[in-house]
Amino acid sequence: MENKEISQAVIGRLPRYFRYLGELKDQGIERISSQELSDIMDVTASQIRQDFNNFGGFGQQGYGYKVEYLYEEIGKILGLDKTHNLIIIGAGNLGQALANYMNFERRGFLFRGIFDNDPALYGKKIREMEVKPIEEMESFVRENQIDIAVLTIPKSSAESVAKRLVDNGIKGIWNFAHVDLDVPKRIQVENVHLSDSVMKLTYNIHRYEQEEK
């Protein structure tokens, strides 16, 4: 397949395709058309075909898509055919909740450790994993080939921690700190601003209420 730039909008829809196709596969459905997938996902059939054509199409006109094949191919595009070693920086409520999210392993994200700068948390076990001092973070990243770091720490310390991670070979950061990180382009960052998400929700509630008047 030709190496071309794929829009972030398309990339943003891939995990949703993957999730729905996984559910269809679990239901024993072997084949599906773009229109049938459209009805389930509330995405137009033409948009689905355009999205898939960015990666070669996956189907035949009038024949539809093989669900298991499409599920596996989108998984490969998302990098889920490989395992990724993951650590969490910040053992507060959010960090602990993410550490306990069992679906990580199903997707190939292997939880390897959790770190914090609060001595009161050192040694606390989260899924049989002891919270370690953040001073041990750099050597742990190097020695355990950690790919991804999850930041659930205050924004005041996020920049300095991110720099330490980058300097020690991290490839990607899943950032829950409310700050946009300044890192080299080679480092992939996914920012999760929880307040942005809930404000989008309240906007849509307000818009719907206005339309109903």
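The values are calculated or read from the model by the stated rules, or taken from the named source; none is laboratory data. Because the structure is predicted, anything quoted here is derived from the model rather than measured. All Cβ positions, glycine included, derive from the backbone under ideal geometry; neighbour counts span all protein chains shown. Please note that ligands, DNA and RNA were not included when accessible areas were found on the heavy atoms of the full protein model with its side chains. Shrake-Rupley method; radii C 1.70, N 1.55, O 1.52, S 1.80 Å.
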Cα centroid separation, the stretch 83-137 to the stretch 154-211 (Å) = 19
Using modelled backbone amide H atoms (1.01 Å from N, in-plane), which distant-in-sequence or interchain residues come within less than 5 Å of residue 113's amide H?
-> 88
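Quick one: compute the contact order of the stretch 73-131, relative version, from alpha carbon pairs under 8 angstrom and 6+ residues apart, as a percent. The partial results should precede the final answer.
Values: 71 pairs, mean separation 20.4, N = 59.
Relative contact order here is 35 percent.
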With no solvent term and unit scatterers on the alpha-carbon positions of the stretch 93-189, Debye gives log₁₀ I(q)/I(0) at q = 0.15, 0.25 Å⁻¹ of -0.58, -1.65
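Relative contact order, percent, of the chain when contacts are C-alpha pairs under 8 Å separated by at least 6 residues? Show your work: numbers first, answer last.
Numbers: 267 pairs, mean separation 27.6, N = 213.
Once normalised by length, the contact order is 13 percent.
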Return the carbon/sulfur percentage of the accessible area of the stretch 53-212, one whole number, probe 1.4 Å, all protein chains in place.
-> 49
Under 5 Å, built H, 5+ apart or other chain: amide partners of residue 130 = none
What list of ³J(HN,Hα) values in whole Hz, one per residue of the stretch 138-145 in order, does the Karplus curve 6.51 cos²θ - 1.76 cosθ + 1.60 (θ = phi - 60°) give from phi, with Gly and Pro shown as x?
-> 4, 5, 5, 4, 5, 6, 10, 6
Do any trypsin sites (Lys or Arg not before Pro) in the stretch 1-59 lie in a loop, going by DSSP, with at most 13 other beta-carbon atoms within 10 Å of their beta carbon, and if so which?
-> 4
Tabulate in residue order the Karplus-calculated ³J(HN,Hα) for the stretch 165-180, using 6.51 cos²θ - 1.76 cosθ + 1.60 with θ = phi - 60°, rounded to whole Hz; enter x for Gly and Pro.
-> 5, 4, 5, 10, x, 5, 9, x, 10, 9, 9, 9, 6, 7, 7, 7
Compute the long axis of helix 67-77 from its Cα atoms, compare it with the longest principal axis of the Cα atoms of the chain, and write down the angle in degrees, 0 to 90, nearest 10.
-> 40
Mind listing which chymotrypsin sites (Phe, Trp or Tyr not before Pro) in the stretch 140-213 are in a DSSP loop and have 15 or fewer other Cβ atoms within 10 Å?
-> none
Nearest 10 degrees, 0 to 90: what angle lies between the long axis of helix 8-26 and the longest principal axis of the chain (Cα atoms)?
-> 80
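Quote the Stokes-Einstein diffusion coefficient, in whole µm² s⁻¹, for the chain, based on the Kirkwood radius over alpha carbon pairs, a temperature of 4 °C and a viscosity of 1.567 mPa s.
Working: Rh = 19.7 Å.
The estimated diffusion coefficient comes to 66 µm²/s.
If you keep only loop residues by DSSP, which trypsin sites (Lys or Arg not before Pro) in the stretch 100-177 have at most 11 other Cβ atoms within 10 Å of their Cβ? Mind dumping the intermediate values first?
Values: sites: 106, 107, 112, 124, 125, 127, 142, 155, 163, 164, 171; in loops: 107, 124, 127, 171.
Here the sparse-neighbourhood loop sites are 127.
Report, in debye and to the nearest 20, how large the dipole of the chain comes out about its Cα centre when Lys and Arg carry +1 and Asp and Glu carry -1 on their Cβ.
Values: 27 positive and 32 negative charges, 38 e Å.
Here the size comes out at about 180 debye.
Taking only DSSP H segments of four or more residues, each worth -39500 (n - 2.57), what value at 222 nm results for the chain once the sum is divided by all its residues, to the nearest 500 deg cm²/dmol? Numbers along the way, then the final one.
Numbers: 9 runs with 97 residues, N = 213.
Calculated mean residue ellipticity at 222 nm is -13500 deg cm²/dmol.
Using a 1.4 angstrom probe, figure out how much accessible area the stretch 1-51 has per residue, in square angstrom, rounded to the nearest whole.
Numbers: 3360 Å² over 51 residues.
Normalised by residue count, the accessible surface of the stretch 1-51 is 66 Å².
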